[in-house]
1. Counting residues in segment 29-161 as N, plug N into 2.2 N^0.38 Å and put the Cα Rg over that result.
2. When you count, for each residue, the other Cβ atoms within 10 Å and take the mean per peptide, how do 26-36, 64-74, 130-140 rank with the highest first?
3. Looking at segment 201-242, what % of the alpha carbon pairs are farther apart than 16 Å?
4. Report, in deg cm²/dmol and to the nearest 500, the calculated mean residue ellipticity at 222 nm for the chain, where each DSSP H run with n ≥ 4 adds -39500 (n - 2.57) and the sum is divided by the residue count.
5. Which helices, counted as full DSSP H runs in the chain, have an axial Cα extent of no less than 15 Å and a Kyte-Doolittle average of -0.5 or above?
6. Grab the other residues whose beta carbon is less than 13 angstrom from that of ASP173, score K and R as +1, D and E as -1, and report the net.
7. Just to confirm the filter: which chymotrypsin sites (Phe, Trp or Tyr not before Pro) across segment 41-109 are DSSP coil and have at most 10 other Cβ within 10 angstrom of their Cβ?
8. May I ask for the percentage of alpha-carbon pairs in the chain that lie more than 34 Å from each other?
Amino acid sequence: MKLATVAGKKVLITGAAMGLGKLFAERAVREGATAVVLWDINETGLRDTAAELRAAGGTVHTYTVDVSDRTAVAGAADSVRVDVGDIDVLVNNAGIVRGNTYFWETKDRDDIDKTMSINALAPMYVTLEFLPAMVAGTGQARVLTIASSAGLVHNPRMSVYAASKWAALGWSDSVRIELGQAGHDHVKVTTVCPTYINTGMFEGAKGFWLTPILDQHKVVETSWTEMKRGTPVVIMPWTSRLNKALSGVLPLKLRDLFLNTVGVYHSMDQFTGRK
């Protein structure tokens, strides 16, 4: 069943201080969510975003949370249940990227742990805090996870990031199937796999064949709309769907030749990331 609006719903967004997370929060406020819960490790950014949303008429609750810390996630979730109640719409948006060296040139091994913890494990632990109540309830509920097109193909100079997004996609879509098998049709899971987005997180990364850097507002608009519809997987743009399809049918050497020729394998060469 389609969810027409989040009016009257309680929405929680991770990575909500800036970028896509902030834009998702703005959408929730505009649609009249009963409560908009913001999680982020950036306390200053969180406070500023909350002030803007409250000025726009939103009922906003903020929690400074390091989602890479499973204990912190559990503690914050307990606080949310006390302060707000059960969550109806969960947006797993928090993410980081480290690059652009080859894997064997990695200097700080903590980067590996952080990337996997925030991008792959955090959505699991955060969802596990709120999904049981969604399942037990009867109202329409949603889980939206922002993965990446890096979870669809192999890409040099971002091997750990790609691994984290492969994990996020595999887990998220598996949970979707589990919910269907168990008959919990009122809970829908949507996984979004965009290419590079102009939030600053992928500063220096290059678009490739027919694939420009995506506009963050369009990504949020599409993700939000498809989440409400209950669309299982959203891949942006269409060229990522093509690359995935070709990767599945071409012999390995031809696949590598194709992706190298169209620029996918060199898209991270000049990556610097957010300053």
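1. Details: Rg = 16.7 Å, N = 133, 2.2 N^0.38 = 14.1 Å.
Its radius of gyration relative to the 2.2 N^0.38 Å reference: 1.18.
2. Top to bottom by mean Cβ count within 10 Å: 26-36, 64-74, 130-140.
3. Numbers: 390 of 861 pairs.
So the pairs more than 16 Å apart make up 45 percent of the total in segment 201-242.
4. Working: 9 runs with 120 residues, N = 275.
The helix-only estimate for the chain comes to -14000 deg cm²/dmol at 222 nm.
5. On the way: long enough: 19-30 (17 Å, 0.08); 43-55 (18 Å, -0.64); 70-83 (20 Å, 0.14); 122-136 (22 Å, 1.29); 159-181 (33 Å, 0.07); 216-229 (20 Å, -1.34); 238-249 (17 Å, -0.16).
Passing helices, by number: 19-30, 70-83, 122-136, 159-181, 238-249.
6. Values: positive: LYS165, ARG176, LYS188; negative: GLU178.
Taking every other residue near ASP173 into account, the sum is +2.
7. On the way: sites: TYR63, TYR102, PHE103, TRP104; in loops: TYR102.
Listed in order of number, the matching sites are TYR102.
8. Values: 6253 of 37675 pairs.
Of all Cα-Cα pairs in the chain, 17 percent lie more than 34 Å apart.
The values are calculated or read from the model by the stated rules, or taken from the named source; none is laboratory data. Here the structure is a predicted model, which is why all the values come from computation and not from measurement. When we count neighbours, we look across all protein chains shown, and the Cβ atoms used for this are built from the backbone with ideal geometry, even at glycine. Side chains included, ligands, DNA and RNA excluded: accessible areas come from the protein's heavy atoms. Shrake-Rupley method; radii C 1.70, N 1.55, O 1.52, S 1.80 Å.
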